[in-house]
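This report refers to the structure that appears directly beneath it.
What follows is calculated from the coordinates using simple rules that are stated; it is not laboratory data. None of the values given here were measured: they were computed from a predicted structure.
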Amino acid sequence: MKSQIVFLFLLILMAVNGFAYAGNAALAQVSNVPMGERVVNYLQALMTSAGEMVNAREGGDIFAPKKPFHLAFDYDSEHQIIDVYIVGEYEKSEEIKPIFDLTQKLIFRLNDKIQKFYGVTLKPEDLSMDFVNVNSGKVLMKLVNGQYVDRTVGESILTPTISPTKTNN
């Protein structure tokens, strides 16, 4: 009697295991991740705290409030370009341009590693940079193909927002 229960239990266990395996078959399929996505994930992992580190190193008055900035990376597969979003509290172009230059230098310093790991080398035309003011939620400055689009003086560009009913562009 006991051996029959054990045999029945093993039979049920094997059947359940087969169903679980069939459910995991879709997860086991290999899919190619685009090279740009892999480079963007690498940059995001390395540059997550760059804004805080740069501000921590700045000299000056220790009681003056610091304005950290945060970096986010996205790959636009349609245009094959890396979008770099810099989010901070700065509002003047003379404060934002050095952040663009610094961010670009930091990214291009990683070219040796990117070449070693992924076989590509980034160039200025591979990057599109936007500075988003955290208080207003608007893009105040862009850097595309080495050209600045300054929106700090005039009307700023709305950032895309996700809403269940509509999207602002």
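Below are the figures for this structure:
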| quantity | calculated |
| --- | --- |
| For region 125-135, 3J(HN,Hα) per residue [Karplus equation, 6.51 cos²θ - 1.76 cosθ + 1.60, θ = phi - 60°, Hz, x = Gly/Pro] | 6, 7, 10, 10, 10, 10, 9, 10, 6, 5, 6 |
| Links that overshoot a 32 Å alpha carbon limit, given the list LYS116/LYS142; LYS105/LYS138; LYS67/LYS116; LYS67/LYS123 | LYS67/LYS116 |
